[in-house]
Amino acid sequence: MIKSISNISTNLSQTPSHSKSNKLGVVNDIILNIDEYNDIIPDLDVENDTLPKGTNYIGAIRFSHISQGVIDENNFDIAFPYDRNFIRLPLKNEIVELIEVSGDFYYKVIFSHNTPNVTADSTLLESLKDAKEFNEPTPNPIPSYSKNSKTGIPRNNPVKNNKDNVLGDKFKGDEKIHRLELFEGDVLLESRFGQSIRFNGYEGGKSKKDFNPSILIRNSESSLSKNDKLIGDITTEDVNRDGTSIWITSGSRIVNFIPGTVDKNFNSDFKTKPNSFKNYPNTLKGDQVILSSGRLIFSSRSAETLFYSKGNIGIISDSNFSFDLRGGIFGEVKDNIDIITNDKNIFLNTGNGKINLGNKGLEPVVLGDTLLDLMSDMIDAILKQSYATPSGPTSVAPLNQTQFRNIKSKLRTMLSKQNKTS
């Protein structure tokens, strides 16, 4: 039965013109995997299909035709992605543009909403069933084919929908996700979920006319942008607040990167300053890559990890720096090593290992307490010495025993109050 879609939703109020209506369809199902293929596509042999059965239909949709502003909910067809190298999957209830080639249909998603996340009216199919307005069949219906040439599936089979007023089994619409602002010459890839890749040559703003090629990648829109901007508004990438961001910039473009978690007033919770970093850059510009995320993991599975830097290398952290190695640590420097501990301790816990200061003419390090005890014992022995003479033993202790006692009282001053060894 043919039903009108002219008054289904204010979001779809602009009904396609009659001249283009035979190129549109409403999505009933999306084939995401083999199980869904078996549920949606009849188990028919497909001639000359060399792929594993069903895999050729992953990404395909089942749709109902729209003709001259009305929809035929009792007929369905199969359409494949127009470009399999760049698949933008539609949602249930979305309207798609159809391209027919040799009896097969291919689809493109039509985005008619101001948010990239929700581009369909979830009540479209449900409204069709409950609509009170009926139209007579169009005098020039869509050309009828007995079978789809690619699938071998008979046409004019009823569409079965377990639940119509949804966008998908898992998909939940979020109208707070915003489209990105466009700048002259941009090439932009933008998903439903706040991810984007922008190829940009000129920054926004009337005064920013320098040619600075940049690639801006983000994984999600910042919560600040989502919550503060109106639904349907536009936004721009934010390297400080968006989800994981990779910015590849060049030229005179300055990136106002701030470490840590940054609030709406550009205040950060990052406390540590790069006090020991020589020639810390005042502005971040030129050819550079800035990667910002909640966590970074670098993994070399089978070979080396190398870092080359023509300039200084700095590690600035609000917490600890540690490393756990199965092998050793080898280094060569051609300048001083200057470490300031700010009144904190340094521990080299070697166990039974050795610590060598230098590599030539090595001598053992003296143990301070042991040396103190030995020297104390030696002074005590000196104070008790006596000599045998023809007239009998001499008196106990030398005449200058006071000097020896003074020396003994000062022996502990040779021990360091801070540094120790084992």
Filtered residues of region 375-386 (kept if surrounded by 11 or more Cβ atoms within 10 Å (Cβ to Cβ) and among the aliphatic types (A, V, I, L, M)): M375, M378, I379, I382, L383
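Could you please let me know if F211 is over 26 Å from N85 (Cβ atoms), surrounded by fewer than 16 Cβ atoms within 10 Å (Cβ to Cβ) and at pLDDT 95 or above? Please lay out each step first, then the result.
Values: over 26 Å from N85 (Cβ atoms): yes; surrounded by fewer than 16 Cβ atoms within 10 Å (Cβ to Cβ): yes; at pLDDT 95 or above: no.
Considered against the rule, which asks whether it is over 26 Å from N85 (Cβ atoms), surrounded by fewer than 16 Cβ atoms within 10 Å (Cβ to Cβ) and at pLDDT 95 or above, F211 comes out as no.
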Counted residues, region 239-254 - those being surrounded by fewer than 16 Cβ atoms within 10 Å (Cβ to Cβ) and among the hydrophobic types (A, V, I, L, M, F, W, C): 2
Top-ranked residue in region 162-208 [being surrounded by 15 or more Cβ atoms within 10 Å (Cβ to Cβ) and either hydroxyl-bearing (S, T, Y) or touching a helix residue (DSSP H, G or I) at 6+ places or on another chain (Cβ under 6 Å) (or both); ranked as modelled with the lowest pLDDT]: D164
Residue ID - surrounded by the fewest Cβ atoms within 10 Å (Cβ to Cβ), chosen from residues in region 273-313 that are under 22 Å from I217 (Cβ atoms) and among the basic types (K, R): R295
Checking I66 against (1) at pLDDT 85 or above; (2) more than 26 Å from G194 (Cα to Cα); (3) crowded, with 21+ Cβ neighbours inside 10 Å; (4) of a type in the set (A, V, I, L, M, F, W, C), the condition it does not meet: (1)
Scan of region 387-411 for residues that are surrounded by 12 or more Cβ atoms within 10 Å (Cβ to Cβ) and either modelled with pLDDT under 80 or within 30 Å of F347 (Cα to Cα) (or both), ordered by number: T394, A397, P398, L411
Exclusive hit being among the charged types (D, E, K, R) and farther than 27 Å from S276 by Cβ, set D369, D318, D324: D369
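Hey, which of the strands (runs of 3 or more DSSP E) in region 190-272, taking only ones fully inside, have at least 1 residues that are among the polar types (S, T, N, Q) and under 23 Å from N282 (Cβ atoms)?
214-218, 245-249
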The one condition in (1) among the polar types (S, T, N, Q); (2) over 30 Å from T119 (Cα atoms); (3) surrounded by 15 or more Cβ atoms within 10 Å (Cβ to Cβ) that S222 fails to fulfil: (2)
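Any residue that is outside any loop (DSSP other than H, G, I, E, B) and not basic (K, R) - is there at least one of those in region 302-322?
Step one: of region 302-322, the residues outside any loop (DSSP other than H, G, I, E, B) are none.
Checking region 302-322: not a single residue is outside any loop (DSSP other than H, G, I, E, B) and not basic (K, R).
The values are calculated or read from the model by the stated rules, or taken from the named source; none is laboratory data. Computed from a predicted model, the values in this text were never measured in an experiment. No Cβ is skipped: glycine too gets one built from the backbone with ideal geometry, and neighbour counts run over all protein chains shown.
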